[in-house]
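Since the structure comes first, as structure tokens, the remarks are kept for the end.
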Amino acid sequence: MTTEQAPTLTASDPAQRARAARRRRRTAPRADRVASAFLHLELLVVAAIVVFPLLWIVGASFSPGTGLANASPIPADATVEHYVSLFTETDYGRWYLNSLYVATLNMVGSVVLSALCGYVFSRVRFRGRKAGLLGILILQMFPTFLTAIAVYMLFLNFGLLDSLTGLALVSIAAALPYNTWLMKGYTDNLPSSLDEAAAIDGASRWTIFVRIVLPLMRPMLTFVAITQFTMPWMDFILPALLLQSPEKQTVALGLFAMIEDVYQNAFTTFAAGAVILAVPITILYIVLQRYLVTGASAGAEKG
Amino acid sequence: MSTARQAVRPGLPAPVPGLASALVWGSGQLLNRQAGKAAFFFAFFAALIGWEMGTGNYYAGMDYTPRANGGFFIRGLWGLFTLGTQPRQMTVTGLTEGDNSIVLMANGLIALLTLGLLAIIWIWGVRDAANHRRALNAGAAPETSRAYFKRIWDGAFAYIVLSPGMVLIVFMSVLPVLFGILVAFTDYNRDNLPPKNLVNWVGFENFATIFAVPSWTATFIGVLGWTFVWAIVATATTYAAGFLQAVLLANKKVRFPRVWRSVFLLPWAVPGIVSALVFRSMFNGQFGPISQWLVDVGLTDERVYWFTDPSHPNLARAVALLVNLWLGFPFFMALVGGVLTNIPDSYYEAARMDGAGPLQQLRHITLPVVHKTVAPLLILAFVSNFNNFGVIYFLTQGGPDNADYRFAGSTDLLITWLFHLTLDNRLYNIGAVMSMLIFVIVGTISVWNLNRSKAIREL
């Protein structure tokens with residue numbers, strides 16, 4: 001409205017014009033403030049929806065009692081007994097160490113193998129290169145589940161069942177095609193003039209890889225390391241198939257067994273276990289979010 | 001004519017050493033006077049024969065049958081073809097040891113893969129023998145074995161570096177995949193479990209079962225339809241919500257944007273299995289807080305059984321989609337947020353000059369730029385939602401039950417149905433067929449997506 005009136009006013013009276021300008025300045029911030037208020041209201045609502053389930057599970061882990069019905073987001077008389085009983089009455093500590101072992105092995109194996117394969121596929125021209133790349137691409141489309149069942153039957157026959165190292169090896173192999181493609185895609189984008197210069201100076205391929213290309217691959221190495229370290233903590237299908245004895249369970253299996261109980265009698269203990277599992281990974285993700293998002297979008301570019 | 005040529009028996013035609021190498025590995029190289037190479041190839045030949053003899057039951061005057069006498073390779077191939085001939089039987093002396101078809105099949109596959117690898121070396125040896133002789137006949141100087149291997153070694157950098165990864169992939173991925181494909185053509189299921197029974201090859205019978213038996217077909221079509229709806233809606237809603245949230249956060253009026261951003265990223269950062277199990281407890285019909293709250297507030301008269309009430313399958317589906325939205329939007333928010341910071345301000349300034357409002361700027365600048373970057377990821381997200389085992393299995397376990405379906409509930413996706421089929425019901429053969437169908441669907445989408453991207457053309 002003010003803008004429509006402005007031309008007529010300018011013609012007639014400078015005082016009125018000043019008033020109109022002031023009014024315009026005042027209404028504009030008011031609209032701004034309303035928009036800003038709505039914006040923050042929306043953010044607040046979404047934040048509440050996001051935070052509530054997490055707050056609830058943290059609250060549940062401190063709630064007295066054992067059942068699901070006892071859980072409350074802000075318990076009146078908080079207790080840490082569930083955290084204590086988690087380590088004294090269940091095998092949680094054992095599960096945690098098992099997961100840590102698989103996760104570490106999976107991370108180291110995946111980073112080393114995918115970096116090597118990615119570098120070779122990107123920089124060395126050799127016979128079978130194209131076939132190899134296409135082959136692992138097709139392999140990666142196969143549902144892991146089909147592989148998992150078959151791996152189970154094979155491991156059963158060869159006595160490899162119930163081994164954490166076996167589980168880590170299967171996990172490395174399952175993720176290797178995708179990680180190799182990631183590494184290859186990333187190395188493709190590194191300037192090859194650096195390696196060529198080093199090759200002219202007489203450096204061997206291995207030296208070029210270790211001294212020149214590997215340091216440049218660091219962002220992608222970080223991405224693969226984080227994703228492969230966190231994966232075994234959440235993975236369910238493979239450990240459920242391959243691990244059997246109680247002392248070989250991982251955290252995910254143990255937590256799932258706790259919550260399977262129909263009457264939800266171990267719920268608060270489950271909550272404590274879930275919190276201990278989630279906190280380190282959550283912090284890791286939030287701190288390293290930049291690497292993770294870039295890595296994921298790089299994967300999309302290269303299929 | 002040269003002295004070198006006369007040194008190695010002139011006039012011998014090229015195919016002769018090749019043929020010799022084909023019969024006895026390395027003998028062709030010996031004819032070419034290359035003892036080192038000959039020993040190299042013969043070593044593989046000896047290993048092959050030795051392995052077969054050592055693992056088999058060979059003796060003079062035997063009455064040869066592959067089952068009784070065959071070694072690793074012959075018995076392996078026999079097992080792969082027949083899947084065993086003698087079931088476990090009750091005799092006077094007790095249970096006889098029958099053939100375990102699945103073990104036979106696995107061993108047969110390993111034997112076949114090993115033979116395949118050896119065949120590569122065999123072909124290499126035959127071609128090398130013939131080619132070298134051809135080169136000699138054409139007047140080339142003979143190459144010593146040592147020089148040859150040094151040359152090969154320098155060119156083999158790629159293969160040596162790749163080999164650990166490739167061995168792992170062959171035995172942990174390729175072998176299981178082949179095994180899974182083979183199972184789809186057998187009658188391996190709970191009615192026919194080795195070592196009690198023998199498993200047989202049945203051709204395409206399992207495929208026929210899924211498409212011809214009405215209850216199987218109905219389940220397949222129903223689950224497939226829901227899987228597509230799930231994958232499309234889940235991808236679309238998470239993308240839309242993530243986009244909206246990113247655009248709102250990019251607004252300059254927002255105070256403390258980094259704090260908000262970190263809060264919104266929480267569902268992405270918390271391990272998926274934890275969030276899914278937490279939601280499962282919150283939506284627990286009997287004890288869960290949400291049902292309780294609805295009753296307390298007076299919105300519902302009695303507790304809502306979100307995931308177990310067969311009369312409301314769509315309620316369970318809608319809740320699963322909402323939970324997935326909670327889980328999935330932060331990733332797209334982070335992604336779109338990254339793209340937004342890279343759009344130069346000058347675009348928007350130019351648009352403002354031309355009198356474009358905020359909505360028009362969003363519609364004609366933000367949306368196209370973001371979409372161009374994110375589109376390939378949408379396909380990837382679609383595929384991962386298509387196989388989203390975690391959310392469905394942990395949240396609903398496929399429930400509520402569906403009386404029209406075989407071993408599947410109303411929220412079951414193909415992948416969770418597969419889990420029920422194989423693990424809970426041990427219908428391995430039908431499960432294998434399902435896996436192949438999923439592979440065909442996912443593979444088609446992925447190939448179509450790849451064709452559009454530059455990754456393949458740059459290979």
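The numbers here are math on the coordinates, done by the rules we state, and not lab data. Computed from a prediction, not measured in an experiment: that's the story for all the values here. Note: ideal-geometry Cβ built from the backbone for every residue, glycine included; neighbour counts use all protein chains shown.
Using the per-residue mean of other Cβ atoms lying within 10 Å as a proxy for protection, in what order, highest first, do the peptides A:165-171, A:92-98 fall?
Working: A:165-171: 22.1, A:92-98: 18.6.
Going by the mean number of other Cβ atoms within 10 Å, highest first, we get A:165-171, A:92-98.
By a straight-distance test (C-alpha under 17 Å), which aspartates and glutamates pair with B:K252 as possible cross-link partners, with residues fewer than eight away in the same chain excluded?
Cross-link targets: A:D32, A:E42, B:D345, B:E349.
For the stretch B:23-115, count all C-alpha to C-alpha pairs, find those more than 19 Å apart, and express that count as a whole percent of the total. All intermediate terms of the calculation are to be shown ahead of the outcome.
Values: 2364 of 4278 pairs.
Above the 19 Å cut-off, the stretch B:23-115 has 55 percent of its Cα pairs.
For the pair B:A218/B:A318, report the inter-label distance in nm, with labels modelled 7 Å from Cα in the Cβ direction.
Computed distance between label sites B:A218 and B:A318 equals 2.6 nm.
How far, in nm, would the chain grow between B:I121 and B:K150 when pulled straight, counting 0.36 nm per residue and subtracting the alpha carbon separation?
My answer for the length gained is 8.7 nm.
P(r) for the stretch B:346-459: what percent of alpha-carbon pairs falls in each 5 Å bin, starting at zero?
Going out from 0 Å in 5 Å bins, the stretch B:346-459 shows 2, 10, 14, 13, 12, 9, 9, 9, 7, 5, 4, 3, 1, 0 percent.
From other protein chains only, count the Cβ atoms within 10 Å of every residue's Cβ in A:114-127, then give the mean.
Working: counts 1, 0, 5, 7, 1, 3, 7, 3, 0, 1, 6, 1, 6, 3.
Mean shielding by partner chains, rounded to a whole number: 3.
How would you rank B:L77, B:L427, going from fewest to most other Cβ atoms within 10 Å of each one's own Cβ? Mind showing how you got there, number by number?
Details: B:L77 17, B:L427 22.
Fewest to most other Cβ atoms nearby, the residues stand as B:L77, B:L427.
Across every pair of different alpha-carbon atoms, what Kirkwood hydrodynamic radius in Å does the stretch B:241-280 reach? Working shown, then result.
Values: mean 1/r = 0.0872 Å⁻¹.
The answer is 11.5 Å.
For chain B, what does the helix formula give at 222 nm: sum of -39500 (n - 2.57) over DSSP H segments with n ≥ 4, over the residue count, nearest 500 deg cm²/dmol? Write down the numbers at each step before the final one.
Working: 23 runs with 302 residues, N = 459.
Rounded to the nearest 500, it is -21000 deg cm²/dmol.
I'd like the mean, over residues of B:154-165, of how many other protein chain beta carbons sit within 10 Å of each residue's own Cβ. Walk me through the numbers on the way to the answer.
Details: counts 2, 3, 1, 7, 13, 5, 2, 9, 12, 1, 5, 16.
Counting other chains' Cβ atoms within 10 Å and averaging over B:154-165 gives 6.
How far apart, in nm, are the 7 Å Cα→Cβ label points at B:L244 and A:V80?
Distance between the two pseudo-spin positions: 4.2 nm.
Only Cα pairs under 8 Å and at least 6 apart count here; give the relative contact order of the stretch B:368-421 as a rounded whole percent.
Numbers: 44 pairs, mean separation 15.7, N = 54.
Reported relative contact order: 29 percent.
Please compute one quarter of the surface area of the Cα convex hull for chain B and express it in square nanometres. Each step should come with its number before you reach the end.
Working: hull surface 151.7 nm².
Mean projected area of the Cα convex hull: 37.9 nm².
To the nearest Å, what is the center-to-center distance of the stretch B:270-329 and the stretch B:120-177, using C-alpha atoms only?
Computed from Cα coordinates, the inter-centre distance equals 60 Å.
In what sequence, highest mean first, do B:42-55, B:375-388 appear when ranked by Cβ atoms within 10 angstrom? Numbers along the way, then the final one.
Details: B:42-55: 14.6, B:375-388: 19.2.
Peptide ranking by packing, descending: B:375-388, B:42-55.
Taking every pair of distinct Cα atoms and averaging 1/r, then inverting, what Kirkwood hydrodynamic radius in Å comes out for the stretch B:208-452? Show your work: numbers first, answer last.
On the way: mean 1/r = 0.0494 Å⁻¹.
Mean inverse Cα-Cα distance, inverted, gives 20.3 Å.
Under 14 Å from a label point 7 Å along Cα→Cβ of B:V440: give me every residue in the stretch B:401-434 with its amide N that close.
Of the residues in the stretch B:401-434, B:432-434 have backbone N under 14 Å from the label point off B:V440.
Cut-off is 10 Å between beta-carbons; in what order do B:T416, A:T222 appear when sorted fewest neighbours first? All intermediate terms of the calculation are to be shown ahead of the outcome.
Working: B:T416 26, A:T222 17.
With the sparsest Cβ surroundings first, the list reads A:T222, B:T416.
Using a 10 Å cut-off around each Cβ of peptide A:51-57, what is the average number of partner chain Cβ atoms that fall inside?
Working: counts 4, 2, 11, 7, 0, 4, 8.
If you average over the peptide's residues, the count of other-chain Cβ atoms is 5.
How big is the charge dipole of the protein assembly as shown about its Cα centre, in debye rounded to the nearest 20, if each Lys and Arg gets +1 on its Cβ and each Asp and Glu gets -1 on its Cβ?
On the way: 53 positive and 40 negative charges, 695 e Å.
Taking the Cα centre of the protein assembly as shown as origin, the dipole is about 3340 debye.
May I ask you to sort B:T411, B:T217 by Cβ crowding, counting other Cβ atoms within 10 Å and putting the fewest first? Present the calculation step by step, with values, prior to reporting the outcome.
Details: B:T411 27, B:T217 14.
Lowest count first: B:T217, B:T411.
If only Cα atoms are counted, what is the Rg of the stretch A:91-301, and what is its Dmax, in Å?
Over the stretch A:91-301's Cα set, Rg and Dmax evaluate to 19.7, 71 Å.
Relative contact order of the stretch A:91-301: what whole-number percent is it, with Cα pairs under 8 angstrom and at least 6 residues apart?
Details: 191 pairs, mean separation 74.6, N = 211.
Relative contact order of the stretch A:91-301: 35 percent.
Explain nothing, just compute: Karplus ³J(HN,Hα) = 6.51 cos²θ - 1.76 cosθ + 1.60, θ = phi - 60°, for every residue of the stretch A:163-173 in order, whole Hz, x for Gly and Pro.
Karplus values, whole Hz, x for Gly and Pro: 10, 5, 5, x, 4, 5, 4, 4, 5, 4, 5.
Restricting to Cα pairs below 8 Å that are 6+ residues apart, what does the relative contact order work out to for chain B? Please round to a whole percent. List each step's numbers first, then the result.
Working: 545 pairs, mean separation 71.1, N = 459.
Answer for chain B is 15 percent.
What FRET efficiency, computed as 1/(1 + (r/R0)^6) with R0 = 30 Å and r the Cβ-Cβ distance, is obtained for A:I138 and B:I49, rounded to the nearest 0.05? If you can, show how the numbers build up before the last one.
On the way: r = 35 Å, r/R0 = 1.15.
After rounding to 0.05, the efficiency reads 0.30.
Just the ratio, please: alpha-carbon radius of gyration of the stretch B:212-273 over 2.2 N^0.38 Å, N its number of residues. Please list the in-between numbers first.
Working: Rg = 19.0 Å, N = 62, 2.2 N^0.38 = 10.6 Å.
The stretch B:212-273 yields a ratio of 1.80.
Could you tell me the center-to-center distance, by alpha carbons, between the stretch A:130-201 and the stretch A:56-110 in angstrom?
33 Å
Quick one: go through the stretch A:150-173 and flag any residue whose amide nitrogen is under 20 Å from the point 7 Å out along the Cα-to-Cβ line of A:Q244.
Those under the cut-off are A:150-171.
Where the centroid of each part is defined by its Cα atoms, how far is the stretch B:399-458 from the stretch B:30-77 in Å?
The two parts, judged by their Cα centres, are 43 Å apart.
Working from the pairwise distances between different alpha carbons, so that the mean of 1/r is found and then inverted, what is the protein assembly as shown's Kirkwood radius in Å? The partial results should precede the final answer.
Details: mean 1/r = 0.0328 Å⁻¹.
Answer for the protein assembly as shown: a Kirkwood hydrodynamic radius of 30.5 Å.
Anything over 29 Å Cα to Cα? Flag those among B:K253/B:K372; A:K184/B:K372; A:K184/A:K248; A:K184/B:K37, in the order listed. The partial results should precede the final answer.
On the way: B:K253/B:K372 27 Å; A:K184/B:K372 23 Å; A:K184/A:K248 35 Å; A:K184/B:K37 35 Å.
Violating the 29 Å limit, Cα to Cα: A:K184/A:K248; A:K184/B:K37.
Go ahead and estimate [θ] at 222 nm for chain A from helices alone: -39,500 (n - 2.57) per DSSP H run with n ≥ 4, summed, over the residue count, rounded to 500. Working shown, then result.
Numbers: 13 runs with 228 residues, N = 303.
About -25500 deg cm²/dmol.
Taking 0.36 nm per residue of sequence separation and subtracting the Cα-Cα distance, how much length would be gained by fully extending the chain between B:R67 and B:Q292, in nm to one decimal?
Stretched out fully, the B:R67 to B:Q292 stretch lengthens by 74.5 nm.
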